[in-house]
Amino acid sequence: MSSVMKSYPGILVLVSLIVVLNPVCGQTPPSVQKTERPTPPTRAPRSPGYVAAKELPDGANPPADADGNFIIGPTHDIAPGMTASSGIPKGAVIEFTMNSSDSKIYPGIARDAGTFGTVDPADPAKLVVITSRAAPYARKVSVYVPKQHVPGSVAPFIVGADGPDPLLFATLDTLIAQRKVPVMIAISIGNGGGDAQGSERGLEYDTMSGVYGEFVENEVLPMVESQARVKLTKDPDGKATMGGSSGGSCALIMAWYHPELYHRVLTYSGTFINQQWPYNPLSPHGAWEFHEHLIANEPDKPIRIWMEVGDRDLLNPNVMRDDMHDWVLANERMASVLAAKGYHYQFVFARNAGHVDRAVRQQTLPEALEYVWHGYVSRKLN
């Protein structure tokens with residue numbers, strides 16, 4: 001049995017089960033269900049139960065070498081590292097497409113348009129989805145290669161979700177020129193489509209297992225090396241993950257289940273909530289398990305993490321009312337448990353900010369990258 005089958009045996013048979021389930025059971029797809037998107041309330045950074053945090057002057061970012069909790073905003077100006085500067089060497093971006101028909105790990109699923117799911121009447125923390133089916137996809141992969149990269153040399157790299165990510169590439173141009181981060185490759189991977197339970201993106205990003213990390217390692221990175229003609233490091237300290245929303249929880253999932261592959265994590269509005277599907281009794285509350293059980297109860301992992309959440313971040317954006325769909329509370333709880341365990345982390349609470357807020361990202365991404373890569377020392381590993 002392959003390592004993928006051992007880590008999550010349901011994935012390779014999921015598509016065939018979906019195809020068979022509806023006809024055999026004679027189930028009629030439910031009527032169109034609109035995902036509820038109420039306007040999130042504005043949360044105060046010093047609400048009861050939230051972590052103690054240092055409030056910074058408006059427009060300031062935390063120091064790039066400081067652990068702990070910080071409050072920024074309400075103004076979010078574009079950081080100098082996010083704007084193009086004359087004289088700064090520009091990296092090259094190589095793009096290629098990966099098709100579902102070529103993947104042994106993710107053959108492709110999709111949830112029918114206009115449908116979502118229903119709450120299990122026996123368990124409000126479980127969502128029943130019967131409208132997910134086999135479906136092909138094509139994903140774009142964008143690879144940033146800095147001008148300073150020496151062909152043939154082994155390079156550190158960062159893997160990002162929901163690509164392409166031109167903001168990341170532009171920021172690296174400046175930070176690498178200023179020698180604030182290593183000369184690194186950036187790999188921005190498109191998702192397989194859709195969102196949340198029953199979708200390909202949800203399956204990839206919200207599943208609590210090592211499978212997505214194995215997909216990147218075994219199917220994406222070899223193509224990156226071939227298509228971009230680069231050689232990627234095997235040193236986990238020279239490998240980072242990043243993403244926003246479910247891509248943010250995925251970034252931590254990759255490092256948590258494969259600490260031998262990744263040590264550095266960067267997340268915006270991380271979906272550390274109960275959004276995993278299919279249901280897994282080993283992690284019944286999905287990524288909520290990180291702050292509910294996993295981080296506190298498992299041995300420390302060699303992970304350095306930067307996190308952000310907005311004061312108007314998501315709260316109960318769908319039909320589930322299980323008290324595990326508050327993005328602000330989830331990220332606050334993450335900060336609390338990481339501090340209790342002595343992890344190197346930086347948590348930013350952004351005033352006047354929504355979910356994966358672009359203005360906040362433009363203000364903080366340079367500092368976030370500096371923090372994530374702080375202390376990196378290159379090691380030549382083949």
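Odds and ends about this structure:
- From the options 104, 126, 140, residue that is farther than 23 Å from residue 209 by Cβ, basic (Lys, Arg) and touching a residue at least 24 places away in the same chain (Cβ under 8 Å): 140
- Here the strands (runs of 3 or more DSSP E) wholly within segment 105-203 that include at least 1 residues being out of contact with any helix residue (DSSP H, G or I) (no Cβ under 7 Å at 6 or more places or on another chain), among the small types (Gly, Ala, Ser) and open to solvent by less than 40 Å² (accessible area, probe 1.4 Å) are 123-128, 138-145.
- Residues that are acidic (Asp, Glu) and touching a strand residue (DSSP E or B) at 6+ places or on another chain (Cβ under 9 Å) were ranked within segment 204-232; the one that is least open to solvent (accessible area, probe 1.4 Å) is 219.
- In segment 258-291, the residues that are open to solvent by 20 Å² or more (accessible area, probe 1.4 Å) and either assigned to a helix (DSSP H, G or I) or without any contact (Cβ under 8 Å) to a residue 24 or more places away in the chain (or both): 281
- Residue match in segment 187-203 (condition: under 18 Å from residue 266 (Cβ atoms) and of a type in the set (A, V, I, L, M)): yes
- Residues of segment 52-70 that are within 15 Å of residue 306 (Cβ to Cβ) and either of a type in the set (Asp, Glu) or not in a loop (DSSP other than H, G, I, E, B) (or both): 65, 67, 68, 69, 70.
- When segment 98-120 is filtered for residues that are among the hydroxyl-bearing types (Ser, Thr, Tyr) and within 29 Å of residue 224 (Cβ to Cβ), the ones remaining, listed by number, are 100, 101, 103, 106.
- Considered as a group, the residues in segment 329-355 that are surrounded by fewer than 24 Cβ atoms within 10 Å (Cβ to Cβ) and in contact with a strand residue (DSSP E or B) (Cβ under 6 Å, 6 or more places away or on another chain) include one that is nearest to residue 302 (Cα to Cα), and that residue is 344.
- Residues that are in a helix (DSSP H, G or I), over 16 Å from the mean Cα position of the chain (by Cα) and under 18 Å from residue 56 (Cα atoms), drawn from segment 330-365: 332, 335, 359, 360, 362, 363, 364
- When 179, 139 are screened for being within 30 Å of residue 284 (Cβ to Cβ) and of a type in the set (Lys, Arg), only 139 passes.
- Here 228, 186, 255 are screened, and the one residue that is touching a His at 6+ places or on another chain (Cβ under 7 Å) and touching a residue at least 12 places away in the same chain (Cβ under 8 Å) is 255.
- Of residues in segment 292-326 being in contact with a His (Cβ under 9 Å, 6 or more places away or on another chain) and assigned to a helix (DSSP H, G or I), the one surrounded by the fewest Cβ atoms within 10 Å (Cβ to Cβ): 293
- Yes/no for residue 115 being of a type in the set (S, T, N, Q) and in contact (Cβ under 8 Å) with a residue 60 or more places away in the chain: yes
- Candidate set: segment 204-251, residues that are of a type in the set (A, V, I, L, M, F, W, C), in a helix (DSSP H, G or I) and under 18 Å from the mean Cα position of the chain (by Cα); chosen: the one farthest from residue 116 (Cα to Cα): 221
- Some residue of segment 43-58 being touching a Ser or Thr at 6+ places or on another chain (Cβ under 8 Å) and modelled with pLDDT of 55 or more: yes
- Of all the listed residues (328, 356), the sole one being within 28 Å of residue 156 (Cβ to Cβ) and of a type in the set (A, V, I, L, M) is 356.
The values are calculated or read from the model by the stated rules, or taken from the named source; none is laboratory data. As the structure is a prediction and not an experimental result, all values here were calculated from the model. Using ideal geometry, Cβ is built from the backbone for each residue, glycine included, and neighbour counts are taken over all protein chains shown. Remember, those area values only see protein heavy atoms, side chains included, never the ligands or the DNA or RNA. Shrake-Rupley method; radii C 1.70, N 1.55, O 1.52, S 1.80 Å.
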